[in-house]
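Colleague: My structure is below; once you've seen it, I'll send some questions.
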Amino acid sequence: MSHASNVPVLAIDGPSGSGKGTISALVAERLGWRLLDSGALYRAVGYAAGMAGLDLSDMDAMARCAQTTKIQFRAAADGGPTRVIVNGHDATDELRTETAGAAASAIASMPPVREALVALQLGFRKMPGLVADGRDMGTVIFPDAPYKVFLTASAAERAKRRYKQLKEKGLNVTLGGLQREIEARDSRDASRAVAPLKPAADAVQVDTTGMSIDDVVAKVLAVVQP
């Protein structure tokens, strides 16, 4: 990876609902860099497993699914969110559901699944640069990244954001239920034995509670372009 090590990487980590996806996409666009949504990879494997009727607790089956699932990112023709193609099917909308998020969190704690997806993630590191969005980008996948940010926000704030997104899609959800799910996922992600969710020692931490998207983007860009 000697040549890849010369490619600059901005690792943006943080818990669910902290704004990583939105901020990472906007920052990548501003910088003209590639984008890696690592969470989508785990969601895609969980989705593929569900479509195949596999048991999410079967580690061997999940590892095989991670190795064989074909995942592609395609720019949307209308300029909207990047489309995620899983085994030839546009699964973008399905991957945004809480069910897909829970499946991703469950399989992300399995070492064989993580190992199967590491090489795929490293392959995104190409010129002119990469914005990598996830939970362990700065600690595990790209520990040598010259730029690292850890985004967070209160569980209440993150639940409100998610509630607004899902209600706009016409889904029947409750604010209290979403907050409980987010808190449970935070606990799972932070306490797992493999790559627990935590800021890299050299990451710039940004609490996005009450901040506008533009303000967060500006703060993150200042890490790369002070």
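Colleague: Which of the residues spanning segment 11-28 are hydrophobic (A, V, I, L, M, F, W, C) and either outside any strand (DSSP E or B) or out of contact with any Leu (no Cβ under 7 Å at 6 or more places or on another chain) (or both)?
Modeller: If the condition is that a residue be hydrophobic (A, V, I, L, M, F, W, C) and either outside any strand (DSSP E or B) or out of contact with any Leu (no Cβ under 7 Å at 6 or more places or on another chain) (or both), then A11, I23, A25, L26, V27, A28 are the ones that fit.
Colleague: For P226, which of the numbered conditions (1) part of a loop (DSSP other than H, G, I, E, B); (2) of a type outside the set (D, E, K, R); (3) surrounded by 17 or more Cβ atoms within 10 Å (Cβ to Cβ) fails to hold?
Modeller: Checking P226 against (1) part of a loop (DSSP other than H, G, I, E, B); (2) of a type outside the set (D, E, K, R); (3) surrounded by 17 or more Cβ atoms within 10 Å (Cβ to Cβ), the one that fails is (3).
Colleague: Let me ask something else. Quick one: count up the residues across segment 136-151 that are more than 14 Å from G14 (Cβ to Cβ), of a type outside the set (V, I, T) and either not in a loop (DSSP other than H, G, I, E, B) or not assigned by TED's automatic domain parsing to the domain that holds A193 (or both).
Modeller: Total satisfying the criteria: 1.
Colleague: Does segment 55-66 hold any residues that are part of a helix (DSSP H, G or I) and more than 12 Å from N87 (Cα to Cα), and which are they?
Modeller: Correct list: M59, D60, A61, M62, A63, R64.
Colleague: Another one. Looking at S57 and the list (1) in contact with a helix residue (DSSP H, G or I) (Cβ under 7 Å, 6 or more places away or on another chain); (2) farther than 23 Å from R162 by Cα, which single condition is not satisfied?
Modeller: So the condition that S57 fails would be (1).
Colleague: Which of the following residues is charged (D, E, K, R), modelled with pLDDT under 90 and more than 13 Å from the chain's Cα centre (by Cα): R125, R114, R96, R158?
Modeller: That would be R114, the only listed residue that is charged (D, E, K, R), modelled with pLDDT under 90 and more than 13 Å from the chain's Cα centre (by Cα).
Colleague: Could you grab me the full set of residues in segment 116-135 that are surrounded by fewer than 24 Cβ atoms within 10 Å (Cβ to Cβ), touching a residue at least 40 places away in the same chain (Cβ under 8 Å) and not polar (S, T, N, Q)?
Modeller: Hits for segment 116-135 are A116, L117, L120, L122, F124, R125, K126, M127, P128, G129.
Colleague: Looking at A201 and the list (1) free of Cβ contacts under 8 Å to residues at least 40 places away in the same chain; (2) more than 20 Å from L10 (Cα to Cα), which single condition is not satisfied?
Modeller: (2) is the only condition that A201 fails.
Colleague: Might you check whether a residue that is in the same structural domain as L120 (by TED's automatic domain parsing), assigned to a helix (DSSP H, G or I), modelled with pLDDT of 85 or more and under 18 Å from the mean Cα position of the chain (by Cα) occurs anywhere in segment 73-92?
Modeller: The answer is no; no qualifying residue exists.
Colleague: Is there a residue in segment 191-214 that is in a helix (DSSP H, G or I), outside the structural domain of S57 (by TED's automatic domain parsing), hydrophobic (A, V, I, L, M, F, W, C) and touching a Lys or Arg at 6+ places or on another chain (Cβ under 9 Å)?
Modeller: no
Colleague: Related question: Which residues, taken from segment 14-40, are farther than 16 Å from D215 by Cα and small (G, A, S)?
Modeller: G14, S16, G17, G32, S38, G39, A40
Colleague: Filter segment 29-39 down to the residues that are assigned to a helix (DSSP H, G or I), in contact (Cβ under 8 Å) with a residue 24 or more places away in the chain and more than 11 Å from I12 (Cα to Cα) and list them by number.
Modeller: Of everything in segment 29-39, those that are assigned to a helix (DSSP H, G or I), in contact (Cβ under 8 Å) with a residue 24 or more places away in the chain and more than 11 Å from I12 (Cα to Cα) turn out to be R30, L31, G39.
The values are calculated or read from the model by the stated rules, or taken from the named source; none is laboratory data. Predicted, not measured: the structure shown is a model, and the values here were computed from it. Neighbour counts run over all protein chains shown; Cβ positions are idealised from the backbone, glycine included.
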